[in-house]
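The next block holds one structure in the form of structure tokens; read it before the comments.
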Amino acid sequence: MDERKKIILNAIIRNYLETGEPVGSRTISKYTDLNLSSATIRNEMSDLEEMGYIVQPHTSAGRIPSDKGYRFYVDSMMEDKDREITEMKEVLLERQDRLEDMLKSVVKLLAKDTQYASLITAPRAIGNKLKFIQLSGVDEHHVLSVIVTEGNVIKNAMIEVSEKLSEEDMLALNMLLNTQLAGKPVGDINLGTIAALKAQAGIHSDVIGSVLDAIGESMSDEDLQVYTSGANNIFRYPELADNERASGLINTFEEKEQLGDLLTNVLDEGGEETGIQVYIGQESKVSSMQDCSVVTASYELGDGLKGTIGIVGPKRMDYDKVIGTLKQLKAKLDDLYRNGD
């Protein structure tokens with residue numbers, strides 16, 4: 001089948017799925033960007049009918065897809081999505097490696113420049129929107145759900161089903177999910193949305209419920225990567241250098257869990273127009289930092305991907321220098337990332 005026939009067949013199937021009415025050549029001439037006459041499209045449709053991909057239910061009526069046409073459409077759609085996801089994963093792995101190297105370099109330079117301890121989080125999707133969802137059959141009792149959000153964050157989830165879903169069932173569920181959820185912020189999926197989707201899914205409402213559960217879980221279980229440098233700079237300041245204080249701070253930097261909580265709160269709380277926030281002593285809510293000041297700045301890499309930079313030092317730190325450095329880094333980070341692509 002040549003490319004023109006594929007486009008016309010795809011247009012016939014999509015139009016029929018939307019309207020439930022037989023599709024004529026005039027409709028296809030408006031529906032595609034082929035810029036072909038109705039006569040040319042009729043000839044191509046005649047060929048597709050001879051090949052068994054479409055049928056004419058009534059004389060003088062338009063065409064509808066045959067089972068063979070549906071099969072070609074489903075296989076092509078799955079193949080395209082599989083290829084898109086594979087390519088996306090390859091690009092993301094390469095980008096993630098470069099991003100990790102860049103963040104480690106940034107945090108080292110920050111510690112060296114300020115002579116304080118520094119930290120930075122890898123960017124995470126904040127308030128992200130769903131890009132598309134793909135369900136694929138694995139075996140009689142399992143369906144693989146691939147969830148892609150803006151920023152091309154990919155999450156996989158294996159879903160158990162009570163019986164094997166046909167390709168037509170899978171197609172209908174994929175279309176339902178993507179029609180209703182593509183472009184929708186994850187946080188906007190509420191009980192009303194869930195109930196409406198389950199009602200439309202009919203006997204497969206349990207599959208829809210499992211996919212929605214997977215979306216919620218996949219968006220909430222993302223580990224926060226924190227990169228640190230310059231923790232030993234703590235010993236430069238007498239008020240932080242005694243064994244107990246220094247040991248607590250070093251442990252905090254090594255374990256990173258409390259640092260992650262602190263920086264996650266920075267993103268959740270937002271910030272001033274400059275994106276700079278200063279936590280002095282007990283304001284940091286981290287017990288080992290009660291005698292420190294923490295200055296943070298959030299940064300954004302586009303597509304809803306945001307992270308946080310932080311500097312930890314004594315309360316008598318050089319605030320002017322630290323805030324100035326963070327402002328410059330915040331402004332340049334997106335450029336640094338693009339230059340690394």
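The numbers here are math on the coordinates, done by the rules we state, and not lab data. Please read these numbers as outputs of a predicted model, since none were measured by experiment. With ideal geometry, Cβ positions are generated from the backbone for all residues, glycine too; neighbour counts draw on all protein chains shown.
Looking at the square roots a ≥ b ≥ c of the eigenvalues of the Cα gyration tensor of the stretch 3-65, which shape do they give, rounded for a/c under 1.5, prolate if a/b is larger than b/c, or oblate? Rounded.
Starting from 0.36 nm per residue, how many nanometres of slack lie between T40 and D75 once their C-alpha separation is accounted for? Display every interim value, and only then the final one.
Details: separation 35, 0.36 × 35 = 12.60 nm, distance 2.64 nm.
Additional length available on full extension: 10.0 nm.
One way to sum up the overall shape of the stretch 130-220 is the equivalent ellipsoid from its Cα gyration tensor, whose semi-axes run 19, 15, 11 Å, largest first. Database remark: amide H of A182 closer than 5 angstrom to no amide H (H placed geometrically; neighbours at sequence offset of 5 or more, or on other chains; Pro and chain starts carry no H). Listed by chain and number, the lysines whose alpha-carbon sits under 29 Å from that of K104, ignoring those within fewer than 8 places in the same chain, are K89, K112, K129, K155, K256, K285, K306, K315, K321, K327, K330, K332.
So if we plug the beta-carbon distance of K164 and Y319 into 1/(1 + (r/R0)^6) with R0 = 41 Å, what FRET efficiency do we get, rounded to 0.05?
Working: r = 64 Å, r/R0 = 1.56.
Taking R0 as 41 Å, the efficiency between K164 and Y319 is 0.05.
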